[in-house]
Amino acid sequence: MDQAARDEICRLPATELAARISRSEISPVEATDAVLERMAALDGVLGAYCTPAPDHARARARAVADRIARGEDAGRLAGVPIGVKDLITTKGIRTTSGSPAYEDFVPDEDDIVVERAVAAGAVVIGKTNASEFGYSATGHNPLFPATRNPWNTALTPGGSSAGSAAAVAAGLGPVALGSDGGGSVRVPAAHCGLVGFKASMGRVPVWPGCRDERYPGVSGWESLEHIGPLTRTVADSALVLSVLAGTDPRDRHSIPCGDVDWASAAQPADIAGLRVAYSADLGYLPVDPEVRRVVADAVRVLESDLGCRVEAADPGWKDPGEAFAALIAAETDLRGMRRLIGVHGERMSPHLVEMMQHPWTAEQFTDANMVRKSVVNRMARFMADYDILVTPTTAVPAFPLGIQGPTVIDGRTVPDTAWTGFASPQNLTGQPAISVPAGFTCDGLPVGLQITGRHLADAQVLRVAAAFERAAPWADRWPM
């Protein structure tokens with residue numbers, strides 16, 4: 001196979017790659033080798049994969065090829081190379097969570113999502129880089145070089161699913177799994193020009209990483225954490241969700257998915273007349289002017305080209321940022337994390353150590369829960385009047401490596417976490433939300449449009465995203 005053919009494989013969406021593999025037009029081994037070759041060429045700069053697993057991947061690809069040769073159903077993801085975020089457990093493949101405390105940890109069990117992806121024929125090609133334990137919306141940690149944005153390698157790809165986003169954006173696999181406790185799938189999708197989907201709470205079961213006392217420090221965020229795909233197309237995200245979604249007795253929050261036809265939902269449909277609320281800033285967030293411009297243009301596509309009934313409206317809650325930080329701490333294994341800091345603290349991320357050693361009080365945790373209830377209730381009342389809420393995904397485009405976030409946005413001094421303020425409310429409410437590419441800044445950086453649906457209206461969110469994708473296509477643009 002020549003270089004042009006290998007490059008073509010790396011640029012195929014997962015839906016097409018899986019179809020061509022099932023028809024024996026491309027072998028799983030060819031697909032895996034093409035991606036591994038591209039990884040070897042590009043990842044020294046990008047740092048998307050912290051633990052490549054080429055031997056594991058090739059063995060898995062050969063097993064899938066054997067199933068196809070025997071005429072067996074190899075699964076909906078047959079032969080598709082995928083990356084898995086380093087916070088998600090993978091049996092036999094090192095899983096560090098970006099922390100010195102887990103530097104040499106090799107799990108003896110897969111997370112449910114990995115079980116399901118592999119059972120569907122996917123080929124895990126390695127673990128993707130993430131911030132330490134996911135406590136940052138960027139892509140640096142104490143163990144590995146910082147992940148870089150393929151659109152501009154001096155900038156962050158966002159996080160915490162940083163490596164997953166950089167990998168897919170650069171063609172190092174058409175799919176990568178990320179986790180999203182406060183926007184960590186949607187934020188890097190926005191900064192890397194991808195689709196990042198956080199389904200409704202419970203659609204995708206999470207276990208054991210966020211549930212198990214066997215992993216001190218890792219377990220936590222039980223009512224906030226979601227696992228979801230980063231892809232280049234809406235149909236690819238739907239394909240992955242069709243494999244990952246569904247109840248599992250190991251996750252008490254998991255729910256059935258029989259009300260969603262994932263494949264049909266991702267087909268472009270007529271959404272004329274849909275009631276769309278557009279909030280440019282949620283009523284309180286400063287937003288970079290370029291982000292405002294790009295997202296406003298995208299909203300005009302929904303209104304003018306797709307016939308939606310768009311109305312400027314804010315849900316009406318106050319900024320829940322401080323409450324969200326307290327809820328993260330409340331859902332963290334604080335005792336376990338502080339033990340880890342006692343041993344490894346000098347090598348751990350300073351912002352994480354500071355957060356874990358903060359003198360949190362019970363009143364702060366209960367106050368945060370009351371704020372959460374207020375956001376949930378206000379959102380439910382707000383969404384009674386609208387089918388969809390659209391906002392920017394992030395308040396700024398990608399920014400330089402080495403910082404947690406800008407402290408000045410549109411002339412206002414803000415905390416260095418304020419730029420993620422559009423993403424965390426959906427973790428509080430558990431509603432489905434997707435980030436899709438809205439367009440590009442004058443400097444050529446991607447900007448994300450976030451589409452939020454009513455609780456459990458995952459299919460509606462996908463339909464709107466697919467319609468927008470058809471009206472304003474993006475998948476033909478590559479950073480490298």
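Numbers at a glance
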{"quantity": "Residues VAL168, VAL375 arranged by fewest to most Cβ contacts within 10 Å", "calculated": "VAL375, VAL168"}
{"quantity": "Loop trypsin sites (Lys or Arg not before Pro), region 171-252 (other Cβ atoms within 10 Å of the site Cβ: 15 or fewer; DSSP)", "calculated": "ARG214, ARG250, ARG252"}
{"quantity": "Burial ranking of peptide ranges 120-131, 416-427, 262-273 (average Cβ count within 10 Å, highest at the top)", "calculated": "120-131, 416-427, 262-273"}
{"quantity": "About the Cα centre, charge dipole magnitude for the chain (Lys/Arg +1, Asp/Glu -1 at Cβ), debye", "calculated": "260 debye"}
{"quantity": "Of the trypsin sites (Lys or Arg not before Pro) in region 1-103, those whose Cβ has at most 16 other Cβ within 10 Å and which sit in DSSP loop", "calculated": "ARG23, ARG70, LYS91"}
{"quantity": "Ranked list, fewest to most other Cβ atoms within 10 Å of each Cβ, for THR32, THR15", "calculated": "THR15, THR32"}
{"quantity": "Fraction of the pair-distance distribution of the chain above 30 Å, Cα-Cα pairs, percent", "calculated": "39 percent"}
{"quantity": "Span-like helix ranges in the chain, DSSP H, alpha carbon extent 30 angstrom or more, Kyte mean at least 0.5", "calculated": "none"}
{"quantity": "Nearest-0.05 FRET efficiency for PHE365 and PHE105, computed from C-beta distance (R0 22 Å)", "calculated": "0.15"}
{"quantity": "Among beta bridges that DSSP assigns inside the chain, antiparallel share in %, nearest 5", "calculated": "70 percent"}
{"quantity": "Relative exposure of CYS442, CYS192, judged by other C-beta atoms within 10 Å (fewest first)", "calculated": "CYS442, CYS192"}
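The numbers here are math on the coordinates, done by the rules we state, and not lab data. Bear in mind that the values here come from a model prediction, so they are computed numbers and not experimental data. Here the Cβ is made from the backbone with ideal geometry for all residues, glycine too, and neighbour counts use every protein chain on show.
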